[in-house]
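The values are calculated or read from the model by the stated rules, or taken from the named source; none is laboratory data. Values in this document were obtained by computation on a predicted structure and should not be read as measured data. Because the Cβ atoms are built from the backbone with ideal geometry, glycine has one as well, and the counts that use them run over all protein chains shown.
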Amino acid sequence: MGHPCLRRKTGSSIAMILAALVWLGVSGASPAFAASDRGTFSIVAYDSVTQELGIAVQSKYFSVGTDVPWAEAGVGAVATQARVDPSFGLKALGLLRAGLRAADVLRALAATDSVWDSRQLGIVDARGGVANWTGSKCLDWAGGEAGADFVCQGNILAGPAVVSGMAKAYREGKGEMAERLLAALDAAQAAGGDKRGMQSAALLVVRPSAARPQFTQRYIDLRVEDHKTPIKELARLLQIQEGFHGADNHFFYAEGYEAAGRADLATRERERVAEILRRALARGERDASMLNGLAWACATHDLYLGDALKAAERAASLEPRNVDILDTLAELYFRQGNHAKAIEVESRAATIDPKSQYLKDQIERFRKGGRG
Amino acid sequence: MLSVAAIAACASPAWCTFSIVAYDSVTQELGVAVQSRAFSVGMAVPWAEAGVGAIATQASTNESFGPMGLVLLRSGKPAPEAMRTLLAADSGSAHRQLGIVDARGRSANFTGKLCSDWAGGLTGPGYAIQGNILAGEAVVQGMRRAFLETQGELAERLLAALVAGQAAGGDRRGMESAALVVVRPSDTYPEYRTRYVDLRVEDHKDPINELIRVYRILEGQRLAEAHIRYAEAYDKAGRADLARVERDRLAESLAHALARKDVDASTLNGLAWICATNSVHLAEALQAAERASALEPKSTEILDTLAEVHYRSGNVAKAIEVESRALSYSPNDQYLKDQINRFKSGNK
């Protein structure tokens, strides 16, 4: 449990005494340490192809996502941990926005901080510059590793294998950044993780977009605040996200790349959707809204209709009276030329929601054979 | 024949949702609480920045209304004007629902005519409440009543509104996710400007109750700490009245914790420690520490808190006795030895 008064900037004398003990490196499970040093491991990364910046973090304290991860597309990503000062997040982003590189930002923060020896930070800038810092007073085992376009760091860990495992998993990871970040957390946990256990986790990815400015702050933004197995839960949420928003997002970026004459990158984005579909079907996904979002995105982009139909059928078998899902299923039948089946399924939806003008219009459209 | 946009708006993951955005003129907090039948509503709907405003963008969500709305508010546009500007530039506005409150408490909301029934909202000074695909108008009315009748912390009032919205039938399609965001100006702790309270329930059978559960943890930890920080800042600024409000909020958090049968030891311990080290609400802190210690009698951390509360309450003998018990469980702990010496010497 935390004793946050120890982190106050204007503390009472007791706070100062206790804080002094922390700084002197007195060991033991006394309350002074529980609060100020929060065992955490995180990875911060940049993808030069997609220009995504991202952070994944897990910790044995409540709602790590509120304090540790900070990111802005085109600017940088920051993890501030150990004796955490959450204000480092916004300060670092401000300095990065002003044009400083990751290493300079680290130096600037160090210059104004009185307890730098107890801090741990990882910073990646939007040009792929990386820097991280583990103060000598961070509790054992504490340390980090810097890769070409990522940094891993952690404290109160089982050992150095946690950080090296994290780095290896990210480096060797396939697919999109969010999945590689999750794989890194998984590997860290498998190597022993946080000595004191698990409680919360967060995944934040940002990505430049003029048409969807929200992505510059939240492209993927998932939280597990208080859970027995937060990394597993985060992975479960990411799978839902991939169908619910992810497929649509990939098609959106594919169109942008297409318009910019980057067919290679557009293909890559579309292939991500194919992979998401394949994996969802292979694992027998049980989240109907994930399957529905995925199937609908494919239907409306006229892509991967065979697998999309399987996903929609699966969604409909999970929630047979869900009108949205039936509509997706009907749309897919229609797009594949099976008009009779499309009309049959949409009519079933219309009996469930007889007032819906949209469903009536859809049936009419299927009868006429128009594309909508 | 429908346009593609219309198809996407209706059948793609639509945000069947109810939300409240609100401003507290005393604390200058701005907040959003939202629940939805859709996955991870917190990623899409709520947007807020201290000194600027709070926005909920929902129905067939145009998420860009969030960051773009904050830009408009930051430039000084009042909430109703920011809303008109956003909607004027959007071809899909008939499918949108939007609630905005600015940092002077001006509010506005909008429900596009193609939002699914029941859809609508209410506004008043300092708040806007809106929802779509709801059981009926009673949902937003219930939310308003609960928001206006609940006292105390803005976050509490927002959560009360969600509970009332659900009690009145809520989202016709059920529940999946919820989020609570509160932001607050601070020079010393700039992170509060974007994340004072920032809690998510992404995919859960009972998201509102889960949101309340995690909020109660936050209340006993970071929020309690924040109240002390603001109290000190107000004291320094000569605003004893506002400092008192902050300390009262801490007392309320403590009362909430003590009133809960299922409260966990670490919440009680955290609150007791914060009160002890700031020498406030010591009688209640003693109750909290004793209950925590009863739950986990061998926790040296909790015993240390209990000893500290006794010490701050002037009961030095009891403080030494309890801390000595802690030391018997962890005989090599230098910190506990130092504490006992400190109690003996009578130092603060």
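B:MET175 passes all but one of (1) in contact with a Pro (Cβ under 6 Å, 6 or more places away or on another chain); (2) in a loop (DSSP other than H, G, I, E, B); (3) within 9 Å of another protein chain (Cβ to nearest Cβ); which number fails?
Against the list (1) in contact with a Pro (Cβ under 6 Å, 6 or more places away or on another chain); (2) in a loop (DSSP other than H, G, I, E, B); (3) within 9 Å of another protein chain (Cβ to nearest Cβ), B:MET175 comes up short only on (3).
Check A:GLY306, A:GLY284 and return the single one that is away from chain B (no Cβ under 14 Å) and either under 23 Å from A:SER356 (Cβ atoms) or within 23 Å of the chain's Cα centre (by Cα) (or both).
When all the criteria are applied, what remains is A:GLY284.
Which residues, taken from region B:110-136, are within 16 Å of B:CYS16 (Cα to Cα) and in contact with a Ser or Thr (Cβ under 7 Å, 6 or more places away or on another chain)?
Listed by number, the residues that qualify are B:GLY112, B:ALA119, B:GLY120, B:GLY121, B:GLN130, B:GLY131, B:ASN132, B:ILE133.
When residues of region A:54-108 are filtered for being assigned to a helix (DSSP H, G or I), more than 24 Å from A:SER136 (Cβ to Cβ) and more than 10 Å from chain B (Cβ to nearest Cβ), how many remain?
Residues meeting the conditions: 3.
Counting residues that are under 23 Å from the mean Cα position of the chain (by Cα) and of a type in the set (D, E, K, R), which helices (runs of 4 or more DSSP H) fully inside region B:62-156 reach at least 2?
Per the criteria, B:138-149.
If you go through region A:181-198 one residue at a time, do you hit one that is of a type in the set (A, V, I, L, M, F, W, C), within 11 Å of the chain's Cα centre (by Cα), crowded, with 23+ Cβ neighbours inside 10 Å and part of a strand (DSSP E or B)?
No; the residues of region A:181-198 include none that is of a type in the set (A, V, I, L, M, F, W, C), within 11 Å of the chain's Cα centre (by Cα), crowded, with 23+ Cβ neighbours inside 10 Å and part of a strand (DSSP E or B).
Taking the stated definitions as given, is B:VAL34 part of a strand (DSSP E or B), of a type in the set (A, V, I, L, M, F, W, C) and within 15 Å of B:PRO207 (Cα to Cα)?
yes
Looking only at region A:104-144, filter to residues that are among the charged types (D, E, K, R) and more than 16 Å from A:THR80 (Cβ to Cβ); which one of those is surrounded by the most Cβ atoms within 10 Å (Cβ to Cβ)?
Only one residue fits best here, namely A:ASP104.
Given B:GLU149, B:GLU191, which one is surrounded by fewer than 19 Cβ atoms within 10 Å (Cβ to Cβ), acidic (Asp, Glu) and free of Cβ contacts under 8 Å to residues at least 40 places away in the same chain?
B:GLU149
Give just the number: which of (1) more than 9 Å from chain A (Cβ to nearest Cβ); (2) touching a Leu at 6+ places or on another chain (Cβ under 9 Å) does B:VAL214 not satisfy?
Just one mismatch for B:VAL214, condition (1).
Being out of contact with any His (no Cβ under 9 Å at 6 or more places or on another chain), crowded, with 19+ Cβ neighbours inside 10 Å and over 24 Å from B:ALA231 (Cβ atoms) is the filter here; which residues of region B:292-303 pass it?
Once the filter is applied, which keeps residues that are out of contact with any His (no Cβ under 9 Å at 6 or more places or on another chain), crowded, with 19+ Cβ neighbours inside 10 Å and over 24 Å from B:ALA231 (Cβ atoms), region B:292-303 yields B:SER293, B:SER299, B:THR300, B:ILE302, B:LEU303.
Quickly run through region A:90-111 and pick out the residues that are of a type in the set (Lys, Arg) and within 24 Å of the chain's Cα centre (by Cα).
A:LYS91, A:ARG97, A:ARG101
Would you call A:VAL130 within 24 Å of A:ALA92 (Cα to Cα), touching a helix residue (DSSP H, G or I) at 6+ places or on another chain (Cβ under 7 Å) and in contact (Cβ under 8 Å) with a residue 24 or more places away in the chain? Before the answer, list the steps.
Working: within 24 Å of A:ALA92 (Cα to Cα): yes; touching a helix residue (DSSP H, G or I) at 6+ places or on another chain (Cβ under 7 Å): yes; in contact (Cβ under 8 Å) with a residue 24 or more places away in the chain: yes.
Against the criterion (within 24 Å of A:ALA92 (Cα to Cα), touching a helix residue (DSSP H, G or I) at 6+ places or on another chain (Cβ under 7 Å) and in contact (Cβ under 8 Å) with a residue 24 or more places away in the chain), A:VAL130 qualifies.
Within the group B:ALA289, B:ALA285, which residue is in contact with a Ser or Thr (Cβ under 8 Å, 6 or more places away or on another chain), crowded, with 19+ Cβ neighbours inside 10 Å and not basic (Lys, Arg)?
Sole residue among the options that is in contact with a Ser or Thr (Cβ under 8 Å, 6 or more places away or on another chain), crowded, with 19+ Cβ neighbours inside 10 Å and not basic (Lys, Arg): B:ALA289.
Considering each residue of region A:229-252, count those that are over 12 Å from the mean Cα position of the chain (by Cα), within 8 Å of another protein chain (Cβ to nearest Cβ) and within 18 Å of A:GLU52 (Cβ to Cβ), and give that number.
Matching residues across region A:229-252 total 2.
How many residues, within region A:320-332, are more than 11 Å from chain B (Cβ to nearest Cβ) and buried (at least 24 other Cβ atoms within 10 Å of the Cβ)?
Number satisfying all stated conditions: 1.
With A:SER136, A:SER59 as the choices, which residue is of a type in the set (S, T, N, Q) and farther than 25 Å from B:LEU218 by Cβ? Please lay out each step first, then the result.
On the way: A:SER59 fails: farther than 25 Å from B:LEU218 by Cβ.
Every option except A:SER136 fails the conditions.
What's the number of the condition B:GLU252 fails, among (1) away from every other protein chain (no Cβ under 14 Å); (2) without any contact (Cβ under 8 Å) to a residue 60 or more places away in the chain; (3) of a type in the set (D, E, K, R); (4) surrounded by fewer than 18 Cβ atoms within 10 Å (Cβ to Cβ)?
Looking at each condition in turn, B:GLU252 falls short on (2).
Could you tell me whether B:THR123 is crowded, with 20+ Cβ neighbours inside 10 Å and either within 11 Å of chain A (Cβ to nearest Cβ) or more than 30 Å from B:ALA265 (Cα to Cα) (or both)?
yes
Check A:ALA308, A:ALA312 and return the single one that is closer than 21 Å to A:LEU281 by Cα and in contact with a Ser or Thr (Cβ under 6 Å, 6 or more places away or on another chain).
Going through A:ALA308, A:ALA312 in turn, the sole match is A:ALA312.
Among the numbered criteria (1) at pLDDT 95 or above; (2) facing chain B (nearest Cβ under 9 Å); (3) surrounded by 21 or more Cβ atoms within 10 Å (Cβ to Cβ), which single criterion is violated by A:ASP226?
Unmet for A:ASP226, out of (1) at pLDDT 95 or above; (2) facing chain B (nearest Cβ under 9 Å); (3) surrounded by 21 or more Cβ atoms within 10 Å (Cβ to Cβ): (3).
Before we move on, is A:GLN51 in contact with a strand residue (DSSP E or B) (Cβ under 7 Å, 6 or more places away or on another chain) and under 30 Å from A:GLU269 (Cα atoms)?
Working: in contact with a strand residue (DSSP E or B) (Cβ under 7 Å, 6 or more places away or on another chain): no; under 30 Å from A:GLU269 (Cα atoms): yes.
No, not satisfied.
Which one is modelled with the lowest pLDDT, of the residues in region B:266-288 that are within 21 Å of the chain's Cα centre (by Cα) and small (Gly, Ala, Ser)?
B:SER266
Of the residues in region A:199-222, how many are within 10 Å of chain B (Cβ to nearest Cβ), in contact with a Pro (Cβ under 8 Å, 6 or more places away or on another chain) and small (Gly, Ala, Ser)?
Total meeting the criteria: 2.
Of the residues B:ASN341, B:ASN332, B:ASN347, B:ASN315, only one is surrounded by fewer than 20 Cβ atoms within 10 Å (Cβ to Cβ), more than 14 Å from chain A (Cβ to nearest Cβ) and out of contact with any His (no Cβ under 6 Å at 6 or more places or on another chain); which?
Going through B:ASN341, B:ASN332, B:ASN347, B:ASN315 in turn, just one is surrounded by fewer than 20 Cβ atoms within 10 Å (Cβ to Cβ), more than 14 Å from chain A (Cβ to nearest Cβ) and out of contact with any His (no Cβ under 6 Å at 6 or more places or on another chain): B:ASN315.
Please go through region B:160-169 and give me each residue that is over 16 Å from B:THR17 (Cβ atoms) and crowded, with 21+ Cβ neighbours inside 10 Å, ordered by number.
Within region B:160-169, the first condition is being over 16 Å from B:THR17 (Cβ atoms), and the residues that meet it are B:160, B:167.
Passing the criteria: only B:ALA160.
Using the structure shown, decide if B:ARG229 is charged (D, E, K, R), in contact with a Ser or Thr (Cβ under 8 Å, 6 or more places away or on another chain) and assigned to a helix (DSSP H, G or I).
Answer is yes for this residue.
Quick one: how many residues across region A:340-357 are within 11 Å of chain B (Cβ to nearest Cβ), of a type outside the set (Asp, Glu), without any contact (Cβ under 8 Å) to a residue 24 or more places away in the chain and buried (at least 17 other Cβ atoms within 10 Å of the Cβ)?
Within region A:340-357, residues that are within 11 Å of chain B (Cβ to nearest Cβ), of a type outside the set (Asp, Glu), without any contact (Cβ under 8 Å) to a residue 24 or more places away in the chain and buried (at least 17 other Cβ atoms within 10 Å of the Cβ) number 0.
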